[in-house]
Amino acid sequence: MPPDLTDLLWRDHPAAPPPSRRGPRRRTTVSAIVEAALAIADRDGLAAVGMRDVAAALDVPPMSLYTYVGSRDDLIVLMVDTAHASLPAGTVEGSWRYRVRAVAEANAELYRARPWLLDAVDDRVAVGPGTIAKYDRELQAFDGTGLTDVERDAALSFVLDYVRSAADRARRTPTTDAAQEFWAHAGPRLAGYLDAAATPLAVRVGAAAGEHQQAAYSADHAFAFGLARALDGIAALVERRS
């Protein structure tokens, strides 16, 4: 029978069952397997994480990993929970907006450091100790807002969904040099097709936005603008609760 995922996630808890002593002498640990997998993902992305690759990094037979971790999917859950546990403990001081902004920025930084997290989607992560501790800390950012427990959960999900979407868009956006090269080539051609009378707003606003992007646009600016609007939306609900 493969190891139970919940027990593996909580393997460092005093109540966790001890590792099985049956079979050949154990040559590694669950934590070592997770760390090896994290190193591969951080370097080459989530698709590069295979049981054989992890086994090679640890110099153990590939099939032996299944006596520690039931499957690659289980391993990815362990990786995500470990990544969540790496976030700073405790909450920052300040207004609720300041605290929630800090939560958003910490998650954005985690995605920048480990973009493979955007490809790791598994609801089972929710039962991990690192994820539960992260969830508890982030919920505390809404203390003093008057939101109900359900609203607090929804508000946090709203913010984190925005952060994830922004992080995913940022990693798919061409680099500045590539974008400039494209527009230098396509811009003059496009001008020959555009009809300001047929699409006046697209022409006018597009030109203004393009000039702004060339002068001041950055992914950080776009992220801060969107986050501020998300916080404005939550603020309207907070005001109704006060």
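The values are calculated or read from the model by the stated rules, or taken from the named source; none is laboratory data. Since the model is a prediction, treat every value here as computed from it, not as a measurement. Cβ sites come from the backbone with ideal geometry, for glycine too, and all protein chains shown count toward neighbours.
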Among A32, A106, A37, A85, the single one that is small (G, A, S), surrounded by 15 or more Cβ atoms within 10 Å (Cβ to Cβ), in contact (Cβ under 8 Å) with a residue 24 or more places away in the chain and closer than 30 Å to L231 by Cα is A85
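To keep it simple, each residue is scored yes or no on (1) assigned to a helix (DSSP H, G or I); (2) among the charged types (D, E, K, R).
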position: V69; (1), (2): no, no
position: L75; (1), (2): yes, no
position: V80; (1), (2): yes, no
position: R97; (1), (2): yes, yes
position: E109; (1), (2): yes, yes
position: V121; (1), (2): no, no
Within segment 15-52, the count of residues that are in a loop (DSSP other than H, G, I, E, B), of a type outside the set (V, I, T) and at pLDDT 95 or above comes to 2
Restricting segment 93-103 to residues that are of a type outside the set (K, R) and in contact (Cβ under 8 Å) with a residue 40 or more places away in the chain, the one nearest to A170 (Cα to Cα) turns out to be V103
Among G210, G130, the single one that is surrounded by 12 or more Cβ atoms within 10 Å (Cβ to Cβ) and modelled with pLDDT of 95 or more is G130
